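What follows is a single structure, written as structure tokens, with notes after it.
The values are calculated or read from the model by the stated rules, or taken from the named source; none is laboratory data. It should be emphasised that the depicted structure is a prediction, and the values quoted were computed from it without experimental measurement. Counting neighbours? That spans all protein chains shown, and the Cβs are built from the backbone with ideal geometry, glycine included. Quick note on the areas: whole protein, heavy atoms, side chains included, nothing else; ligands and nucleic acids left out. Shrake-Rupley method; radii C 1.70, N 1.55, O 1.52, S 1.80 Å.
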Amino acid sequence: MKKQLFWFVFLAALLVTGCAGCTVPAGEETDSGSLTIMTWNVHNLFDGEDNGYEYEEFLQASGWSAEKYLGRLNSISDAISRINPLPDIILLQEIESLTVLEDLAEAISDVSSGSYSWSHFAGNPGAAVGLGILSSYPLADIKTHSITINGDTTPRPVLETKVQTNDNVPDFIIFACHWKSKVGGDEITEHTRKASARVILRRIRELQESEPELGIIIAGDLNLTHDEFYRQNASRICALLPDDPYCAMLTQGIQKDYIVISRNIPPAPVHFPQETIVFYSPWMRELENGTYFYRNNWETIDHFLVSSQFFTDSGWEYQKTIVVNFPPFANANGIPVSYNTRTGLGISDHLPLVMTLIMSVKTDAD
């Protein structure tokens, strides 16, 4: 496995080679010219050794062990291997380390035909968990964006990578994310999520200048629902905003620290100024319920946000996104089966999302 390791003190994190994937329930088939990407908050996947940064329940003194780690690794790899087709690229949140990421890649390969030759891990120094990518496609130009606001660094960085799939089609960019949670209060923590959005927007504008044909996917656990603005009674600007006239008026169309999402295909600003960066959100058009079930309510906090380049019939074309809400990820009611450290049963408190891209290249005859 190709590996790289980068350690950036204070403003960066660890990196190593990676990949992302997509999943479809067993029985559903996709085109041979398809690529699938999966994003999943796997919920605190720690190894069996103490390094001083683990959460209390994953310390050896609390009963966590190498045996329990291996048991969970086997359960997770078996669950992923049941997705048909196996994801080409897998984005994972709440992974302890590169070692855990590589162990998982090997475990998946042991029970399936999958092979993830590229993997990357990113995490802030001293943090309990980070995020990672496993990929069967080459990844290039990997960057880790850590964000510091008034001396306070976001819990996890944003991991950027370019996916290289075919000499005849443009590459595309993935921003793998795990934004700050709402622990501490929705309003108090919103400025940190907006800071993550600001860094991504700044980087997107740089890419638009140098490589405007690049498609961009923002993916991961953003800890915001697609309708967060309305859930907060339209009382404040969130890091995700819908393309509606009230939001455009409230923000005066100045896009500095929020990402505009749309149900329109292709995504393009309707109520915001034409220079606004807008992404398609499957939650606004295709999907129901959510990926996280909290206090008897569904939350749509896991996302794929897709740029307009995936709707031009000139390379990788967006096809669909699904929620992986079948066993062993979910129970009979489609609710996530959380992992229990005491019994060793369950998988995660989040359901995965899987997105399918298909190859669609215009020819001279077209």
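Does N223 qualify as being under 21 Å from the mean Cα position of the chain (by Cα) and in a loop (DSSP other than H, G, I, E, B)? Here the answer is yes, as N223 does meet what is asked.
One line per residue, one yes/no per condition, for (1) of a type outside the set (S, T, Y); (2) within 18 Å of the chain's Cα centre (by Cα); (3) closer than 23 Å to A176 by Cβ; (4) assigned to a loop (DSSP other than H, G, I, E, B):
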{"site": "R203", "(1), (2), (3), (4)": "yes, yes, yes, no"}
{"site": "E206", "(1), (2), (3), (4)": "yes, no, yes, no"}
{"site": "E213", "(1), (2), (3), (4)": "yes, no, yes, yes"}
{"site": "I218", "(1), (2), (3), (4)": "yes, yes, yes, no"}
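Inside region 98-113, residues that are under 20 Å from the mean Cα position of the chain (by Cα) and either free of Cβ contacts under 8 Å to residues at least 24 places away in the same chain or under 14 Å from I133 (Cβ atoms) (or both) make up a count of 7. Figure legend. Inter-residue proximity from region 285-310: first residues under 30 Å from S360 (Cα atoms), second residues among the charged types (D, E, K, R) and open to solvent by 10 Å² or more (accessible area, probe 1.4 Å), beta-carbon distance below 7 Å, spacing 6+ or different chains. Indicated pairs: R285/R263; E286/K320; G290/E299; Q309/E213; F310/E317. If we keep just the residues of region 239-254 that are surrounded by 15 or more Cβ atoms within 10 Å (Cβ to Cβ) and assigned to a loop (DSSP other than H, G, I, E, B), which is nearest to the chain's Cα centre (by Cα)? Only one residue tops the list, namely A239.
Only one of the numbered conditions (1) without any contact (Cβ under 8 Å) to a residue 12 or more places away in the chain; (2) buried (at least 16 other Cβ atoms within 10 Å of the Cβ) is not met by L345, and that is (2). Could you go through region 137-158 and let me know if any residue there is in contact with an Asp or Glu (Cβ under 8 Å, 6 or more places away or on another chain), open to solvent by less than 40 Å² (accessible area, probe 1.4 Å) and under 28 Å from R82 (Cβ atoms). No - not one qualifying residue is present in region 137-158.
Which one is surrounded by the fewest Cβ atoms within 10 Å (Cβ to Cβ), of the residues in region 171-191 that are of a type in the set (D, E, K, R) and assigned to a loop (DSSP other than H, G, I, E, B)?
Only one residue tops the list, namely K182.
How about region 132-170: which of its residues are touching a residue at least 24 places away in the same chain (Cβ under 8 Å), out of contact with any Ser or Thr (no Cβ under 7 Å at 6 or more places or on another chain) and assigned to a loop (DSSP other than H, G, I, E, B)? Passing the criteria: P138, P155, R156, Q164, T165, N166, N168, V169, P170. Here region 14-56 is the region considered, the condition is being within 20 Å of P125 (Cα to Cα), among the small types (G, A, S) and surrounded by fewer than 24 Cβ atoms within 10 Å (Cβ to Cβ), and the residue that is modelled with the highest pLDDT is G48. Considering region 33-50, and only residues there that are assigned to a loop (DSSP other than H, G, I, E, B) and of a type outside the set (G, A, S), the residue that is farthest from L345 (Cα to Cα) turns out to be D50.
Among the residues of region 255-288, the one identified as open to solvent by 40 Å² or more (accessible area, probe 1.4 Å) and part of a helix (DSSP H, G or I) is M284. Count of region 74-105 residues, restricted to those that are open to solvent by 10 Å² or more (accessible area, probe 1.4 Å), over 15 Å from L139 (Cβ atoms) and not in a loop (DSSP other than H, G, I, E, B), is 7.
Select from region 139-162 the residues that are in contact with a Phe, Trp or Tyr (Cβ under 6 Å, 6 or more places away or on another chain) and not acidic (D, E) and write down the one among them that is nearest to S97 (Cα to Cα). Before you say what the answer is, go through the steps one by one.
As a first pass, look at region 139-162 and keep what is in contact with a Phe, Trp or Tyr (Cβ under 6 Å, 6 or more places away or on another chain): 139, 158, 160.
After this cut, where a residue has to be not acidic (D, E) as well, the list is 139, 158.
On the way: L139: 19, V158: 15 Å.
By that ranking, first place goes to V158.
Just one of the listed residues (V337, V306, V270, V323) is of a type in the set (A, V, I, L, M) and touching an Asp or Glu at 6+ places or on another chain (Cβ under 7 Å), and it is V270. Every condition in (1) modelled with pLDDT under 95; (2) open to solvent by 60 Å² or more (accessible area, probe 1.4 Å) holds for A332 except the one numbered (1).
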